[in-house]
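S.K.: Questions regarding the structure given below will be posed in turn.
The values are calculated or read from the model by the stated rules, or taken from the named source; none is laboratory data. Not measured: the values here are computed from a predicted model. Glycine also receives a Cβ, built like all others from the backbone with ideal geometry; neighbour counts cover every protein chain displayed. The accessibility values were calculated without ligands, DNA or RNA, using every heavy atom of the protein model including side chains. Shrake-Rupley method; radii C 1.70, N 1.55, O 1.52, S 1.80 Å.
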Amino acid sequence: FVIIGIFAANTAQARGVLIPEDKLIPPFALTAHHANIQIEDQLVKVRLEQVFENPSSRNLEATYWFPVPKGAAVNGFFMWVDGKEVKGELLDATKARETYQNIVRRTMDPGLLEYMDAQWIRLRVFPVPAKGRQKVALEYLTVASREQNVVEMNYPWKNESRNHFQPEDFRLNVQLKSKLGIGNVYSPSHAILVDRKSGHEVEVKLEKSRNPSPRDRKSTRLNSS
């Protein structure tokens, strides 16, 4: 058998924050958080899409911060400009700053992803449209831990009381594949939808309008056995 766990713990967050360069303006409200996770045996592929709202009447520069899970490798960054998806570049810190400054001078729309350390990435976005929304996406790969017949993958999520951390639209979609086969799938903390494709493939969905409200506030766990 195989057991796969997904946790939403209080110790970390699987969300980014978009902070205006103007220090008088608070972080932009997070309006949508969509996570698509593919788990095949131990290989985990994550695509995270987030949408932020700029209530200001002017275009603003902002910095997006995201905590990269330990051991994960970011392999894609995307932002949306005039409704079109634009792939960003993964650059070293010095080149990122120089390129960003040059593009801002030409009033273009850059999205530069910059590693701050082993656990954080920083994305500078310009402009975040006035009275509009800015969508960003990240893709990363990681490996789930395994001990005997138990495979575990962490997806941290922390509930916050501050409105700019509570998305109106929260979706978590997980596709499970295992050569060993997948038995019962359940979550002791959240209501989930389970679609069994076969004995080796299962799709699990968690959708909430507003922040998900688990029965157990400490963690979310999804098991299959």
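S.K.: Tally Lys/Arg at +1 and Asp/Glu at -1 over every other residue whose Cβ is under 13 Å from the Cβ of SER145; what's the total?
M.R.: Within the 13 Å Cβ shell, the charges total -1.
S.K.: What nm value, rounded to one decimal, do you get for the distance between ARG196 and ALA73 when each label is placed 7 Å out toward the C-beta?
M.R.: About 3.5 nm, to one decimal.
S.K.: A follow-up question, please. What ranking of HIS33, HIS200 comes out by heavy-atom accessible area, probe 1.4 Å, highest first?
M.R.: Sorted by accessible area, descending: HIS200, HIS33.
S.K.: Tabulate in residue order the Karplus-calculated ³J(HN,Hα) for region 69-81, using 6.51 cos²θ - 1.76 cosθ + 1.60 with θ = phi - 60°, rounded to whole Hz; enter x for Gly and Pro.
M.R.: With coefficients 6.51, -1.76 and 1.60, one gets x, 4, x, 7, 10, 6, 10, x, 9, 9, 9, 10, 10 Hz.
S.K.: What is the extension gain from TYR186 to ASP92, computed as 0.36 nm multiplied by their sequence separation minus the C-alpha to C-alpha distance, in nm to one decimal?
M.R.: 29.6 nm
S.K.: Amide H of GLY76: which non-local residues (sequence gap of 5 or more, or other chain) have their own amide H closer than 5 Å, using H built in the peptide plane?
M.R.: GLU139
S.K.: Check ALA32: other-chain or 5+ apart residues with amide H under 5 Å from its amide H, H built from backbone geometry?
M.R.: When sequence neighbours closer than 5 places are left aside, the close amide H contacts are VAL51, GLU168, ASP169.
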